[in-house]
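Input: a single structure, listed below in structure tokens.
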Amino acid sequence: MKKALTIAGSDSGGGAGIQADLKTFAAHRVYGTSAITAVTAQNTLGVTAVQALPADVVTAQIEAVAGDIGVDAVKTGMLATAAIVEAVAAAIDTLELANVVVDPVMIAKGGDRLLEDEAVTALKAELLRRALVVTPNAQEAEVLAGMPIASLDDAREAARRIFRLGPNAVIIKGGHLPGPDAIDLLYDGRDFLELRGPRIATPNTHGTGCTFAAALAARLALGSSLRAAAEHAKQYVSGAMRAGFAIGGGHGVLDHFWNVPAISLGTPQAAGRQ
């Protein structure tokens, strides 16, 4: 079985972060492991508390997983501090981790900041050049590229700028851009690929960015090309949004198992007679 490692924060509400990543890996029949970078107290309404872990504890988790279970793909999410960003970058080098998907999580769905300013600088200088692909949404791409993004043409220029920071490819997610379609833009340094899908009218959007990057990592672990993995991740997230749950009083969550056959539950007595 292929294995994928998520290096990210924990979401106590279960809709994003480590929890969303592990659900996504499981839905793809990829064995999921984790290195937790921060513990958050959050739900569908927002984040009420954050406690980042020491960088050496994050490194120890990555080493424990890589040294025993193995890693076919890596997905990074909320990294919180510059020290954690630098530790993750060093671990990728030391352990020679491949298929690194960097989701530069900066702001939670409710608007809470999840990445220190110094950590943004470290991410741009240290982590992006170790990534196979980086997957910012439009707001995150504005920070990384140092420019406003209000159109698809803006997104193309931002992708070019982010590519110059060192990743092998850039995917700017288009959910925050105007228009009837949600267009994710893949740039590999030569060509642009538009991943189009109809905009889905739903409040159940908590964890979409985490889920997209995790699905991308899962498919890379399974051996897909980056283009095929990106096309699949787009379709997977769209389906999960359509099947999402209106849980809580804020942004509802995705159904990460929307395309997995439901388990038929029988009574214990019936199971015992089989």
In segment 46-59, is there at least one residue being among the hydrophobic types (A, V, I, L, M, F, W, C), modelled with pLDDT under 95, in contact with a strand residue (DSSP E or B) (Cβ under 8 Å, 6 or more places away or on another chain) and surrounded by fewer than 17 Cβ atoms within 10 Å (Cβ to Cβ)?
-> yes
Taking the stated definitions as given, is Thr24 in contact (Cβ under 8 Å) with a residue 12 or more places away in the chain, crowded, with 23+ Cβ neighbours inside 10 Å and part of a strand (DSSP E or B)?
-> no
For segment 195-242, which residues satisfy the criterion of being among the charged types (D, E, K, R) and either at pLDDT 95 or above or part of a helix (DSSP H, G or I) (or both)?
-> Arg219, Arg227, Glu231, Lys234, Arg242
From the option list Ala145, Ala150, single residue qualifying as farther than 26 Å from Leu254 by Cβ and buried (at least 20 other Cβ atoms within 10 Å of the Cβ) is Ala145
Got at least one residue in segment 156-174 being at pLDDT below 95 and within 17 Å of Arg227 (Cα to Cα)?
-> yes
Quick check: anything in segment 198-212 buried (at least 16 other Cβ atoms within 10 Å of the Cβ), over 20 Å from Gln139 (Cα atoms) and not hydrophobic (A, V, I, L, M, F, W, C)?
-> no
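Okay, residues lined up against (1) under 17 Å from the mean Cα position of the chain (by Cα); (2) in a loop (DSSP other than H, G, I, E, B):
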| position | (1), (2) |
| --- | --- |
| Thr40 | yes, no |
| Asp56 | no, no |
| Thr59 | no, no |
| Val74 | yes, no |
| Val88 | yes, no |
| Val105 | yes, yes |
| Leu128 | yes, no |
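Residues are listed down the side, and each one gets a yes or a no for (1) buried (at least 21 other Cβ atoms within 10 Å of the Cβ); (2) more than 23 Å from Val237 (Cα to Cα); (3) within 18 Å of the chain's Cα centre (by Cα):
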residue	(1), (2), (3)
Asp154	no, yes, no
Glu157	no, yes, no
Arg161	no, yes, no
Leu165	no, yes, no
Ile171	yes, no, yes
His176	no, no, yes
Leu185	yes, no, yes
Asp188	no, no, no
Phe192	no, no, no
Would you please name the residue that is modelled with the highest pLDDT, looking only at residues in segment 107-121 that are in a loop (DSSP other than H, G, I, E, B) and among the small types (Gly, Ala, Ser)?
-> Ala108
Can you name every residue in segment 90-103 that is over 19 Å from the mean Cα position of the chain (by Cα) and on the phi > 0 side of the Ramachandran plot?
-> Glu96
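The values are calculated or read from the model by the stated rules, or taken from the named source; none is laboratory data. A quick note: this is a predicted structure, and the numbers were derived from the prediction, not measured. So basically every Cβ, Gly included, is an ideal-geometry build from the backbone, and we count neighbours across all protein chains shown.
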